[in-house]
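A short worksheet on the structure shown next.
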Amino acid sequence: MDSIAIITAKSSLRYTLDDCLRAQGFHVLSFACGSEIDRVLATDATPDIILIDSTLPKESALSLCQRLHQMNAPPIIALIDNDAKLPATDNFENQALFLEIGADDCISTPFTPRVLIARIRAVLRRSIATSNYEVYRSRHRILIGDLVINLDARAITLRGSYEQVQLSRSQYDLLHCFFMRPQRQLSREKLLEWTRGGAANVFDRSIDVQISRIRQKLHASGSCVAAMLKSIRNAGYILDAPVHPDDE
């Protein structure tokens with residue numbers, strides 16, 4: 001389940017967004033100001049997308065957007081208040097300002113639920129595609145902790161060693177989901193969907209079993225990554241380690 005953070009001081013906008021997003025299966029986090037989301041970004045519960053209301057009363061939305069972008073926060077969509085009292089050129093100028101300082105997209109309010117959801121899903125697709133490109137651009141080999149992953153050969157070895165960590169095909173496929181989305185909270189439902197290609201059964205605990213076996217094999221190999229594959233209570237899992245291209 002993808003997670004979306006809403007930052008707005010307007011209760012009416014917050015309720016509208018909350019109802020719309022939850023109806024589409026998103027997990028929603030709501031905040032009244034930028035300082036509140038700072039505490040969340042410092043934990044494992046980082047959202048997949050952040051929606052920022054352009055009319056925030058404390059820290060300006062532009063300043064917050066720029067600050068979050070510089071922190072390498074998740075993708076940002078600015079919700080631009082389409083003030084009928086302003087010329088259309090001013091509203092377009094506002095959108096341009098947000099895009100120039102780091103927003104990934106802008107949506108004018110009021111909006112239709114269909115447009116909102118379509119734009120959110122488009123940003124999510126671009127975010128994953130960009131992450132995948134960064135991973136694959138360096139000869140298809142990546143480094144995670146003390147592991148070297150050859151993405152072409154589907155082989156995992158300890159750095160400085162030629163001995164492979166022996167994983168089954170399904171275990172590698174599951175771990176690959178984390179390689180492509182490092183330091184992001186991944187729900188059991190999404191992991192089941194990505195590895196099996198179908199709808200998830202909320203009572204299916206096979207992901208937990210697979211994760212446990214992967215940890216055991218990584219631990220047996222002596223890899224520190226076993227401890228970096230962390231459980232998030234009532235939410236899923238996260239690979240709490242950055243991914244780097246192998247430049248050797």
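The values are calculated or read from the model by the stated rules, or taken from the named source; none is laboratory data. Bear in mind the structure is a predicted one, so any value in this text is a computation, not a measurement. Counting neighbours? That spans all protein chains shown, and the Cβs are built from the backbone with ideal geometry, glycine included.
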message: For region 1-30: of the residues being polar (S, T, N, Q) and under 19 Å from the mean Cα position of the chain (by Cα), which is farthest from PRO57 (Cα to Cα)?
response: GLN24
statement: Selection over region 231-246 where residues are part of a strand (DSSP E or B) and under 25 Å from HIS140 (Cα atoms) yields a count of 6
- prompt: Pick from region 1-20 the residues that are without any contact (Cβ under 8 Å) to a residue 24 or more places away in the chain and surrounded by 16 or more Cβ atoms within 10 Å (Cβ to Cβ): which of them is nearest to THR112 (Cα to Cα)?
  reply: THR16
Answer residue from region 102-122, given it is among the small types (Gly, Ala, Ser) and in contact (Cβ under 8 Å) with a residue 24 or more places away in the chain and is surrounded by the most Cβ atoms within 10 Å (Cβ to Cβ) among those: ALA103
field: Those residues of region 208-227 which are surrounded by fewer than 19 Cβ atoms within 10 Å (Cβ to Cβ), among the aliphatic types (A, V, I, L, M) and either touching a helix residue (DSSP H, G or I) at 6+ places or on another chain (Cβ under 9 Å) or closer than 11 Å to LEU167 by Cα (or both), in sequence order
entry: ALA220, ALA226, ALA227
field: Of residues in region 228-243 being at negative phi and either β-branched (Val, Ile, Thr) or surrounded by fewer than 14 Cβ atoms within 10 Å (Cβ to Cβ) (or both), the one modelled with the highest pLDDT
entry: ILE238
- prompt: Among (1) among the polar types (S, T, N, Q); (2) modelled with pLDDT of 85 or more; (3) more than 23 Å from ALA220 (Cβ to Cβ); (4) touching a strand residue (DSSP E or B) at 6+ places or on another chain (Cβ under 7 Å), which single condition is THR157 missing?
  reply: (3)
Every residue from region 168-182 that is surrounded by fewer than 21 Cβ atoms within 10 Å (Cβ to Cβ) and touching a strand residue (DSSP E or B) at 6+ places or on another chain (Cβ under 7 Å): CYS177, PHE179, PRO182
query: Which one of the conditions (1) touching an Asp or Glu at 6+ places or on another chain (Cβ under 9 Å); (2) modelled with pLDDT under 80 does LEU41 fail to meet, given that it meets all the rest?
result: (1)
query: So, in region 31-41, of the ones that are crowded, with 17+ Cβ neighbours inside 10 Å and small (Gly, Ala, Ser), which residue ends up farthest from SER60 (Cα to Cα)?
result: ALA32
- request: All but one of (1) in contact with a helix residue (DSSP H, G or I) (Cβ under 6 Å, 6 or more places away or on another chain); (2) modelled with pLDDT under 85; (3) assigned to a helix (DSSP H, G or I) hold for GLU193, so report the exception by its number.
  value: (1)
task: For region 69-80, enumerate the residues that are buried (at least 20 other Cβ atoms within 10 Å of the Cβ) and more than 18 Å from ARG126 (Cα to Cα).
output: LEU79, ILE80
message: Given the criterion at pLDDT below 85 and not polar (S, T, N, Q), identify the matching residue among ARG184, ARG205, ARG213.
response: ARG205
query: Which members of region 5-60 meet the condition of being of a type outside the set (A, V, I, L, M, F, W, C), out of contact with any strand residue (DSSP E or B) (no Cβ under 7 Å at 6 or more places or on another chain) and in a loop (DSSP other than H, G, I, E, B)?
result: GLN24, GLY25, THR43, THR46, PRO57, LYS58, GLU59, SER60
statement: (1) modelled with pLDDT of 90 or more; (2) of a type in the set (A, V, I, L, M, F, W, C); (3) out of contact with any strand residue (DSSP E or B) (no Cβ under 7 Å at 6 or more places or on another chain) all hold for ILE120 apart from (3)
